[in-house]
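Right, one structure below, let's go through it.
What follows draws every value from the coordinates through simple rules; no lab data is involved. Here the structure is a predicted model, which means the values were calculated and not measured. Every residue, glycine as well, gets a Cβ built from its backbone with ideal geometry; the counts of neighbours run over all protein chains shown.
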C-alpha cells in the first residue's frame, strides 16, 4: 500500500461513495469485537470501528494479516488500519489490509484523543451548571436533598458517562446531555399537566438514568460493567435513590413514588422496565424519556450525515433509516 495514503476519519470515508478502491489509513477505536465461526469452520472477527465522526462494522477473516492483531487488541484499543474504500448495499464496508495496535504513548500526542472520542455537541460545563440549577430549583427540601445526595456520590461518573452503548446519546457527556434536555422538555410541558406533581416529576427526570453511571465503563469504548450486567441501570438507579432518600429522611410516600419513576421509566418490561408506569409522574417521565431518546437518535444521525446522503443507515431505535436531506 502506498505510503502516501491519506489518514481519514470515518465521516470522510463515508463521503467517498464513488471512490471504491481508494487507499486510506485511519486511526480508530475498537468499539465492539466478537469472535465467530463461519459455516466452513473458519474463524472470523466481527468488529465495529470508529472515531468521533462515526463508526462502521466490518468482518476480518483469519487469513487477513491483521486478524491476530485485532483479536489481541480487544475492545477499547486504538488501532491504525490501512485499507481500500468499499461500500456494500450503500454502507461503508472497507477492505482492511493491515491492522496495528497504537501504543499508549502515541495516544498522548496533541489532538489524538479528541479525534477519537465523540462528545456531546453542547458544552459539558454549561450543561453541568444548568443541571445543578435544576436540582436547586426543587422546592421540597428533603426531595432536593435526596437528589443532591445521589449526585454527591456519582457526580463525576455521571458527567462523563454516555447514555447508552449504541442506541442514543452514546458518547461522552451523553448522559448529562440527555438528562438536561429532558429537564428542559419537562419545564416546558409540565404546565400543560397540572395533575402531575412538578417537583416529583423533575426529581424523577434528574434521577431516572443515574444507574447508568455505574452500568457503563470504559474510556474510549463503552461496555457494561459487572454490576451493569448483573443488575442493570434501572435497579442500580433505584438503589441510589432509596439509599439517598432514607438518608435525607424523605417521607415514605414521596420516596416510594420517586422509586417507582425510576423502576418504570423504560416503559415496557421488554425494554428493561421493572414495572409499568402507574402514577401521573411516572407516565410523564417515561414519555419525556422516550421523546428525548428518539430525538437524540435523530439529531446524531443528522450531524453525521454526509452532504450527498438522502437517508441514514437503519437506526435500530427507530426501526427505520432517517431522511437526512434538508428541505430546500
Q) In degrees, nearest 10, range 0 to 90: what is the angle between the Cα axis of helix 280-304 and the longest Cα principal axis of the chain? A) 20 degrees
Q: With a/c under 1.5 counting as rounded, go ahead and sort region 92-145 into rounded, prolate or oblate using the C-alpha gyration tensor (a ≥ b ≥ c being the square roots of the eigenvalues; past the cut-off, prolate if a/b is larger than b/c, else oblate).
A: prolate
**Q.** Inter-centroid distance (Cα atoms) of region 263-328 relative to region 26-79, Å
**A.** 28 Å
Q | Nearest-ten-degree value, helix 232-247 long axis tilted from longest Cα axis of the chain | A | 30 degrees
(Q) In Å and on Cα atoms, what radius of gyration and Dmax does the chain show? (A) 22.0, 69
Q: Using only the alpha carbon atoms of region 10-111, find the Kirkwood hydrodynamic radius as the inverse mean reciprocal pair distance, in angstroms to one decimal.
A: 14.0 Å
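Using alpha carbons only, what's the Rg to Rh ratio of region 74-195 with Rh from Kirkwood? Please list the in-between numbers first.
Working: Rg = 20.4 Å, Rh = 18.0 Å.
Dividing the radius of gyration by the Kirkwood radius yields 1.13.
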Q. With axes computed from alpha carbons, what is the tilt in degrees of helix 124-136 against the longest principal axis of the chain, rounded to the nearest 10 within 0 to 90?
A. 20 degrees
Q) Taking a temperature of 37 °C and a viscosity of 0.692 mPa s, what whole-number D in µm²/s does Stokes-Einstein yield for region 124-304 with Rh from Kirkwood over alpha carbon pairs? A) 205 µm²/s
Q: Tell me the label-point distance for the pair residue 109, residue 63, using the 7 Å Cα-to-Cβ offset, in nm and rounded to one decimal.
A: 3.4 nm
(Q) For the ranges 280-291, 88-99, what's the packing order if you count other beta-carbon atoms within 10 Å of each residue, average per peptide, and put the highest first? (A) 280-291, 88-99
